[in-house]
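Asks: Provided herewith is a single structure, encoded as structure tokens, for subsequent inquiry.
Computed from the coordinates by the stated procedures, all read-outs in this text should not be read as laboratory data. Just so we're clear, the structure is a prediction, and the values are computed from it rather than from any experiment. Cβ coordinates were reconstructed from backbone atoms using ideal geometry, including for glycine residues, and neighbour counts include every protein chain displayed.
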């Protein structure tokens with residue numbers, strides 16, 4: 001077992017949703033090890049590992065927040081299609097952005113986590129698309 005160096009994160013998909021777990025080590029075969037209920041376990045024992053994020057992929061410091069600019073997120077699985085506004089965009093030090101959208105009882109969520117589901121897409125009402 002090799003201790004993890006840095007801030008690698010395993011993105012794990014289960015029937016209940018998608019979540020993150022910090023990678024604490026790598027087993028002898030190169031599988032990420034995360035904390036489970038019994039101690040360190042292989043990440044794939046908790047669900048399907050979509051990807052491993054390195055500390056720089058999504059975890060740069062937020063340096064600005066800008067208005068949503070009219071952008072919307074649309075769930076194409078629902079009929080009629082459900083759209084929610086992008087409240088703001090968080091800008092990180094590496095230049096990447098994260099959409100913030102409302103959910104449920106007025107809470108906000110990371111819109112990019114919804115976009116990971118294939119039925120959610122970004123669109124702007126001032127543009128037209130075939131999809």
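Asks: Relative contact order for segment 2-57: what is it in percent, counting Cα pairs under 8 Å that are at least 6 residues apart?
Replies: Working: 106 pairs, mean separation 22.1, N = 56.
RCO, segment 2-57: 39 percent.
Asks: Let me ask something additional. Give me 38, 7 ranked fewest to most by other Cβ atoms within 10 Å of their Cβ, as a rough exposure proxy. Could the numbers behind the result be given before it?
Replies: Working: 38 7, 7 14.
Ordered by Cβ neighbours within 10 Å, fewest first: 38, 7.
Asks: Right, another one. Run the simple label-point estimate for residue 126 and residue 87 please: 7 Å along Cα→C-beta, distance reported in nm.
Replies: Those two pseudo-labels are separated by 2.3 nm.
Asks: Determine, for 73, 1, the number of other Cβ atoms within 10 Å of each Cβ, and report the residues in order from fewest to most. Spell out each step's value before the answer.
Replies: Numbers: 73 21, 1 10.
Going from least to most buried by this count: 1, 73.
Asks: May I ask you to compute the full-extension gain from residue 96 to residue 79, defined as 0.36 nm times their residue separation minus their alpha-carbon distance, rounded to one decimal in nm? Write out the running numbers ahead of the final one.
Replies: On the way: separation 17, 0.36 × 17 = 6.12 nm, distance 3.17 nm.
Result for the pair: 2.9 nm of gain on full extension.
Asks: Take 2, 9 and order them by how many other Cβ atoms sit within 10 Å, fewest up front. Numbers along the way, then the final one.
Replies: Working: 2 10, 9 21.
In order of increasing Cβ crowding within 10 Å: 2, 9.
Asks: Under 17 Å from the 7 Å Cα→Cβ point of residue 1, by amide nitrogen: which residues of segment 24-50?
Replies: 24-46
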